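A short reminder: the numbers here are calculations on the coordinates, not readings from a lab. Every value quoted in this text rests on a predicted model; they were computed, and no experiment measured them. So basically every Cβ, Gly included, is an ideal-geometry build from the backbone, and we count neighbours across all protein chains shown.
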Amino acid sequence: MAAVREENSAQQATNGTGIRRNEDERRPVRRGKRALTFWVQPEPHKQFKMLAVREDRPGQDLLEEALDDLFAKYGMHRIARDR
């Protein structure tokens, strides 16, 4: 059982590529952060991309704003965006 846990841990650390990545090897904007992924239909994806172009803002910035707005809606602190 311990061998299985070690193998799973090693696979997660290498992201399935066999190349071990640590915090220092990440791009600076990703250091100390975690990925949050979800799937949408093609039309909302297209609309989101168009919004990013129209507002001349990166998608990352728009999604952080949206996450903070969601937190506020549910009475939580706005903490998603880097200050």
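For the stretch 67-78, the Karplus equation 6.51 cos²θ - 1.76 cosθ + 1.60, evaluated at θ = phi - 60°, returns couplings of 5, 4, 5, 5, 4, 4, 4, 9, x, 9, 6, 7 Hz by residue, with Gly and Pro reported as x. Taking one quarter of the surface of the convex hull spanned by the alpha-carbon atoms of the stretch 36-83 gives a direction-averaged projected area of 4.0 nm².
Derived scalar couplings between HN and Hα for the stretch 44-55 equal x, 4, 4, 4, 4, 4, 5, 4, 4, 5, 4, 8 Hz in order, rounded to whole Hz, by the Karplus curve 6.51 cos²θ - 1.76 cosθ + 1.60 (θ = phi - 60°), x for Gly and Pro. Placing a label point 7 Å from the Cα of residue 26 along the Cα-to-Cβ line, no residue of the stretch 59-78 has its backbone N under 15 Å from it.
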